[in-house]
Amino acid sequence: MAIKRPQSAPRRRECILKDDSLDLIPESDHYTRQCICFMCTCGKHSCPAIKKTLYPKTSFSSQYQLTFKKPSSRSPPQRVRSSYSPSPFKMELITTQKQDYKAPDLKPFSKPVTVSSSFSNLKFSGRTKYQCDFPNWGPIDIKHEKDPQLTHETKMKFTGKSSYSLFYERKSSSPEIKHKVSSSPSLSHIKTYESGYESSNKRDFRPVQIRYNTPDLKKHSQYIPTSYSPYQFISMSKKTFTGSNSPFKDPHMIRKRALAD
C-alpha cells in the first residue's frame with residue numbers, strides 16, 4: 001500500500017532557471033557575478049569559470065597588423081651541393097693573369113758614380129734676362145697711389161641763392177594775433193538743441209553699469225515644473241529595452257527581488 005504524502009509537507013520548488021519565459025542571461029553577467037545561477041535548485045545550472053582573457057589576441061586586428069603580417073614559419077631552403085671538387089695537385093700551366101702581368105726582371109743594382117764639380121771664383125760679367133728686360137733707370141720722384149681722391153675746393157664764399165631757400169622761405173617769428181569774437185546781443189534769443197544723430201562708436205560701446213551685488217530674485221511659493229519633451233531624457237537603451245513590453249522575464253529584476261528578500 002502506497003503512502004500518500006501529506007498536503008502540509010513542503011513541496012520541492014521548481015528550478016527557476018528552467019522557466020521558458022526567462023530571458024537570455026548575457027555572458028558578461030557570469031564574468032561580473034551578476035547572474036542568477038545561485039538560485040538553481042536542480043543542480044544542473046552552474047556558473048562557468050571566469051576566463052583569464054575575455055578577448056584573445058586573434059579577436060581584433062589593427063590596420064598595422066593587417067598591412068604588415070608576420071611571415072609564415074617555413075623551414076629554410078636546403079643548400080644545393082656543388083659538384084665542383086678542387087684538385088689537391090699544383091697546376092703546371094700558366095694562367096692568363098700571370099701571362100699578362102709578369103713580374104719585373106731583377107737586375108743587379110749599381111751605385112751611381114759621383115762626379116766632383118769645381119766652381120770658378122771669377123766674377124760674372126754678363127747680364128741676366130731680368131736685367132735686360134727691366135733696366136734700372138735710377139731713382140725717380142713719382143709717387144703711385146691707389147685710387148687718388150682729388151678734391152675740388154675753393155676758398156671763395158657762395159653768394160648765390162639755393163633752390164631750397166628760394167622755395168622754402170622761413171616764416172616771420174612775429175606773434176600771432178588772436179581775434180576775440182565779441183558776443184552779440186542779437187544772438188541771445190537763439191536756443192541750442194541736441195542733435196538726434198549718434199556716432200557708431202557711441203552706439204556700439206554704451207556705458208555699462210556694473211552691479212556688484214546679486215539682484216533680488218522673485219520668490220515663488222509653489223514649485224512650477226518646466227515644460228519639456230518626454231523624449232528629451234530617454235536614452236536609446238531605455239527606449240528600446242523596456243521590461244513592461246517584453247514577453248520574457250528580466251533576470252536582473254529576478255536577482256534584485258531575490259536579494260531584497
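Structure data summary
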{"quantity": "Cα-centre dipole for region 89-147 with unit charges at Cβ (Lys and Arg positive, Asp and Glu negative), debye to 20", "calculated": "360 debye"}
{"quantity": "Packing rank of 76-83, 97-104, where each peptide gets the mean count of other beta carbons within 10 Å, highest leading", "calculated": "97-104, 76-83"}
{"quantity": "Protection proxy ranking of 24-35, 113-124, 61-72 - average other beta-carbon atoms within 10 Å, highest first", "calculated": "24-35, 61-72, 113-124"}
{"quantity": "Other-chain or far-sequence residues with amide H under 5 Å of residue 22's (modelled H)", "calculated": "249"}
{"quantity": "Per-pair calculated FRET efficiency, R0 = 41 Å: residue 152 and residue 132 via Cβ, rounded to 0.05", "calculated": "0.40"}
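A short reminder: the numbers here are calculations on the coordinates, not readings from a lab. Just so you know, these numbers come straight off a predicted model, no measurement behind them. With ideal geometry, Cβ positions are generated from the backbone for all residues, glycine too; neighbour counts draw on all protein chains shown.
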